[in-house]
1. Name the residue that is farthest from the chain's Cα centre (by Cα), counting only residues in the stretch 100-112 that are open to solvent by 20 Å² or more (accessible area, probe 1.4 Å) and within 22 Å of residue 79 (Cβ to Cβ).
2. Restricting to helices (runs of 4 or more DSSP H) lying wholly in the stretch 57-164: which have 3 or more residues that are within 16 Å of ligand 1 (Cβ to nearest atom) and modelled with pLDDT under 95?
3. Which pairs turn up if I take residues in the stretch 17-39 that are on the phi > 0 side of the Ramachandran plot and look for partners that are surrounded by 18 or more Cβ atoms within 10 Å (Cβ to Cβ) with beta carbon separation below 6 Å, at least 6 apart in sequence or on another chain?
4. For the condition more than 15 Å from ligand 2 (Cβ to nearest atom) and in contact (Cβ under 8 Å) with a residue 24 or more places away in the chain, what is the one hit in 98, 81?
5. Are any of the residues in the stretch 25-45 open to solvent by less than 30 Å² (accessible area, probe 1.4 Å) and either in a loop (DSSP other than H, G, I, E, B) or modelled with pLDDT under 95 (or both)?
Amino acid sequence: MATHLKNLSDFSETEVPSAAPYKFGIVVAEWNAGITNALYQGAYESLLEHGAAEQNIVTHQVPGSFELTSGADFLLKTGKFDAIICLGCVIQGETRHFDFICNAVANGLTNVALKYSKPVIFGVLTTDTQQQAVDRAGGKHGNKGIEGAVTAIKMAYLAETLKS
Ligand SMILES: Nc1c(NC[C@H](O)[C@H](O)[C@H](O)CO)[nH]c(=O)[nH]c1=O
Ligand SMILES: CC(=O)[C@@H](O)COP(=O)(O)O
């Protein structure tokens, strides 16, 4: 369903497991910081609301969305995390740079997730305009940071149930 037809933050609370057992890494891109900070607040607060302990949420910033892949890899290499949430905002400019970043990040995060067999959540807005990003970072279409946190919890729970 297209985002404009669905609030990103709509989900059934009864279907979200407790986040209490898990340790989360959050990697946040500094580019478009007004947007990414709003995504981060949504993700952080949602993890706490679902039972995560503050000491089990570790946050690091990277310069841009392209570096989210390296940030996720650095955190997972420690072996200390059950899921990584990557937050960024890529807004179309005048050139094809947008396309290269978006494709690199999507493919890079997928590869890191498979490399470590750990959930790596793609919480990256890829928009044509600033307004579209605002609408998805706590605006009329919800907050993709909340979506990322809920996804991380669900995937950490799935991984745990399949491991045992
Ligand atoms: N234009 C945006 C960027 N560009 C920077 C890249 O992500 C990267 O940091 C640079 O190419 C050096 O490797 N990053 C965003 O997150 N959002 C943008 O709109
Ligand atoms: C997505 C980008 O890197 C972009 O904001 C850079 O702008 P431009 O394509 O005009 O150089």
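The values are calculated or read from the model by the stated rules, or taken from the named source; none is laboratory data. Only a predicted model underlies this, so the values are computations on that prediction, with no experimental measurement involved. A quick note on method: Cβ atoms are made from the backbone with ideal geometry, for glycine too, and the neighbour counts reach across all protein chains shown. Each accessible area value is taken on the protein alone, full model and side chains, heavy atoms only, with ligands, DNA and RNA left out. Shrake-Rupley method; radii C 1.70, N 1.55, O 1.52, S 1.80 Å.
1. 111
2. Counting at least 3 such residues, we get no helices (runs of 4 or more DSSP H) at all.
3. 32/89
4. 81
5. no
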